[in-house]
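Asker: Before I ask anything, here is the structure I am working with.
Just so it is clear, none of the values below were taken in a lab; they were calculated from the coordinates. Everything quoted here is computed from the prediction, not taken from an experiment. Cβ placement follows ideal geometry from the backbone for every residue including glycine, while neighbour counts extend to all protein chains displayed.
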Amino acid sequence: MRIKKTDFIKSAVVINDYPETTEIEFAFIGRSNVGKSSLINSLTNRRNLARTSKTPGRTQLINFFDVNEDFYFVDLPGYGFAKVPEAVKKNWGKIIADYLNSDREKIVFLLLDIRRVPSAEDIEMLKWLEHYSINYYIIFTKTDKLSNNQKFKQLKEIKKKLEFDNKDVFFYSALKNTGREELEEFIFDEREK
Ligand code: GTP
Ligand code: MG
């Protein structure tokens, strides 16, 4: 593993509270419950670095994690959780938009549950990332829940809704740590560019 040391640095809402950096950072975004925090824990080989929950909407702040005292992972609040008041939803939207629009050098991983057809919010998020020319990649999560055959079928369904290039896609199971090496290698390649 190339991730040797990780630390929770801080939670932030507004840009002024983000920790300073001059390095590229890697942000994880996706609907609530898609597995952002679980993926960060798997990737860093830490059980409880990022808080996970069966209750969607757990992470309501931007959480910054330091990797090897070198660069950050950024855990963004999940969108699309129906059971919250409209005002809270709006606020989350602003927190996410402010981060994405910030001039920090970043790569965004958009997480999508392999079992689900992308929601209207997922599609909106993807369009948004493209519109603002943000460097992004898709990670399909919870791949342990489907057989290879089911995965193949599901990807076909997803492609009817979302256009993506196969080369820009990762597959991940935080439960089994599948896809970890590949993602880690990608991250360090980008870091070293
Ligand atoms: P918010 O913080 O609410 O936005 O959610 P999140 O995207 O951070 O999701 P989180 O990591 O908390 O995971 C949500 C639920 O999905 C938890 O019950 C996890 O155990 C489960 N989960 C996450 N990743 C995987 C996976 O790869 N496989 C399986 N089987 N379950 C997973
Ligand atoms: Mg979370």
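Asker: Starting with the fewest neighbours, write out Asp66, Asp168, Asp98, Asp122 ranked by other beta-carbon atoms found within 10 Å of each beta-carbon.
Answerer: Arranged by neighbour count, lowest to highest, Asp66, Asp168, Asp98, Asp122 become Asp168, Asp98, Asp66, Asp122.
Asker: Which of Tyr99, Tyr132, Tyr137 has the fewest other C-beta atoms within 10 Å, and how do the rest follow up to the most?
Answerer: Ranking Tyr99, Tyr132, Tyr137 by Cβ neighbours within 10 Å, fewest first, gives Tyr132, Tyr137, Tyr99.
Asker: Would you mind calculating the relative contact order of the chain from Cα pairs under 8 angstrom and at least 6 residues apart, reporting the percent as a whole number?
Answerer: 24 percent
Asker: For the stretch 6-192, take every pair of Cα atoms, bin their distances at 10 Å starting from 0, and report each bin as a whole percent.
Answerer: So the P(r) values, bin by bin, are 9, 39, 40, 12, 1.
Asker: Give the span of the stretch 1-112's Cα atoms along each principal axis, as three whole-Å numbers ordered largest to smallest.
Answerer: Projected onto the principal axes, the Cα atoms of the stretch 1-112 cover 40, 30, 21 Å.
Asker: Something else now. Under 20 Å from a point placed 7 Å out from the Cα of Lys193 along the Cα-to-Cβ direction: which residues of the stretch 92-131 have their backbone N that close?
Answerer: Answer for this model: 100-111, 126-131.
Asker: Residues with amide H under 5 Å of Phe164's amide H, sequence separation 5 or more or different chain, H placed in the peptide plane at 1.01 Å from N; which?
Answerer: Amide H neighbours of Phe164: none.
Asker: Could you pull out every residue, at least 5 positions away or on a different chain, whose amide H is within less than 5 Å of the one on Tyr79? Hs are placed 1.01 Å off N in the peptide plane, and Pro or chain starts have none.
Answerer: Answer set, sorted by chain and number: Gly30, Arg31, Ser32.
Asker: For Trp128, what is the net charge nearby, where nearby means another residue's Cβ is under 15 Å from its Cβ and Lys, Arg count +1, Asp, Glu -1?
Answerer: That sum, taken over residues with Cβ under 15 Å, equals -2.
Asker: If you line up the Cα atoms of the stretch 81-193 on their principal axes, what length do they span on each, largest first, in Å?
Answerer: So the three principal-axis extents are 40, 39, 26 Å.
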